[in-house]
Amino acid sequence: MRLKPTNMPLLTTKRKIALARLLQRPVLLCRHLLGFRSQAEVRRSGFRWRLDLGEGIDFTIYALGAFERTSQAACRRFIEPGAVVLDIGANVGAHVLPLARQVGPRGRVFAFEPTVWALKKLRANLDLNPQLKDRVTVEQILCVEKADDALPAAAMASWPLVPGEDVHPLARGRFLSTEGARAMTLDDYLASQNLHGVDFVKLDVDGDECAVLRGAFRLLKELRPVVLMELAPHVLEERGETIGSLLAVLGSVGYALAEERSGRPLPMQEKELYQWVPHGASRNVLALPEECIATL
């Protein structure tokens with residue numbers, strides 16, 4: 001039985017950034033008065049981080065101890081020690097480090113990040129956590145739909161808290177260089193690594209979800225991992241996709257959507273999901289094999 005999604009208040013990304021900016025100002029002022037810069041090396045939630053407090057993700061980790069706590073809780077529900085996990089759109093490692101801790105010494109995390117800027121920050125944060133670094137394979141790869149798809153010159157990677165004209169009007173992110181990256185389908189990557197088991201996928205690619213999932217047909221059809229992904233209709237539409245096309249991709253491999261927090265099945269109707277995620281906002285959701293949905 002598919003239930004109506006809970007109607008919890010939802011802020012747009014633009015408002016989230018504005019709120020973070022208000023919280024950031026007194027923090028930076030206090031640090032300045034104490035002689036500290038906006039860059040900080042800190043311990044939060046058991047991890048060491050090198051953070052730029054002018055960045056949205058970094059400031060969230062600094063102020064709240066973690067980024068997307070509800071998503072991290074969802075990961076813990078599904079990931080067991082020894083698991084193999086893919087983090088597509090790893091950025092600075094906000095999820096990579098918790099995932100590496102969750103899989104344990106026998107597990108593996110494959111972190112995909114195409115931009116030079118975020119890749120450098122990701123590697124710096126891994127270097128600060130040597131007990132986890134060996135569990136993580138970092139790849140400068142942009143996951144695509146088809147093997148011959150061209151690599152874009154830039155991808156969204158930075159969410160600055162300082163107002164600027166070079167950010168996306170709704171997502172509030174900046175596009176940064178992908179120089180040195182490879183464009184590759186997930187299926188081709190798994191074949192190149194001789195990977196025959198994947199337990200969990202975290203997918204946050206700012207509107208390219210449909211393309212990435214189409215390039216992961218064998219992964220989804222045969223290996224049946226749990227997927228945690230962002231649902232953001234406005235950025236899907238910028239890529240020529242819709243919630244309807246996302247539902248079609250998932251349906252073609254026997255997957256269905258579920259709420260991130262509760263695991264309750266979501267309606268697989270485009271209209272209801274558009275109402276659930278207001279324009280300019282996003283929600284993280286689970287995409288589960290239908291055989292798993294039936295047991296929830």
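The values are calculated or read from the model by the stated rules, or taken from the named source; none is laboratory data. Computed from a predicted model, the values in this text were never measured in an experiment. A quick note on method: Cβ atoms are made from the backbone with ideal geometry, for glycine too, and the neighbour counts reach across all protein chains shown.
Remarks
- Residue count for the range 1-49, restricted to those that are more than 22 Å from the chain's Cα centre (by Cα), surrounded by 15 or more Cβ atoms within 10 Å (Cβ to Cβ) and modelled with pLDDT under 80: 1
- One residue stands out in the range 120-162 among those that are of a type in the set (Val, Ile, Thr), surrounded by 15 or more Cβ atoms within 10 Å (Cβ to Cβ) and out of contact with any Lys or Arg (no Cβ under 7 Å at 6 or more places or on another chain): the one that is farthest from PHE59 (Cα to Cα), namely VAL144.
- Counting only helices (runs of 4 or more DSSP H) wholly contained in the range 95-145, the ones carrying 1 or more residues that are in contact with a Ser or Thr (Cβ under 7 Å, 6 or more places away or on another chain) and within 17 Å of LEU51 (Cβ to Cβ) occupy 116-127.
- Verdict on ALA73 being surrounded by fewer than 16 Cβ atoms within 10 Å (Cβ to Cβ), more than 16 Å from ALA183 (Cα to Cα), aliphatic (A, V, I, L, M) and within 17 Å of the chain's Cα centre (by Cα): yes
- Restricting the range 146-161 to residues that are in a strand (DSSP E or B) and in contact with an Asp or Glu (Cβ under 7 Å, 6 or more places away or on another chain), the residue that is nearest to ALA181 (Cα to Cα): MET156
- Verdict on GLY65 being without any contact (Cβ under 8 Å) to a residue 24 or more places away in the chain and either crowded, with 18+ Cβ neighbours inside 10 Å or more than 20 Å from PRO163 (Cα to Cα) (or both): yes
- Pick from the range 109-160, criterion under 16 Å from the mean Cα position of the chain (by Cα) and polar (S, T, N, Q), ranking: modelled with the lowest pLDDT: SER158
- Residue list for the range 51-83, filter: closer than 25 Å to LEU203 by Cβ and not in a helix (DSSP H, G or I): LEU51, ASP52, GLU55, GLY65, ALA66, PHE67, GLU68, ILE79, GLU80, PRO81, GLY82, ALA83
- Of all the criteria given as (1) of a type in the set (D, E, K, R); (2) in contact (Cβ under 8 Å) with a residue 24 or more places away in the chain; (3) farther than 27 Å from LEU195 by Cα, the one not satisfied by GLU230 is (3).
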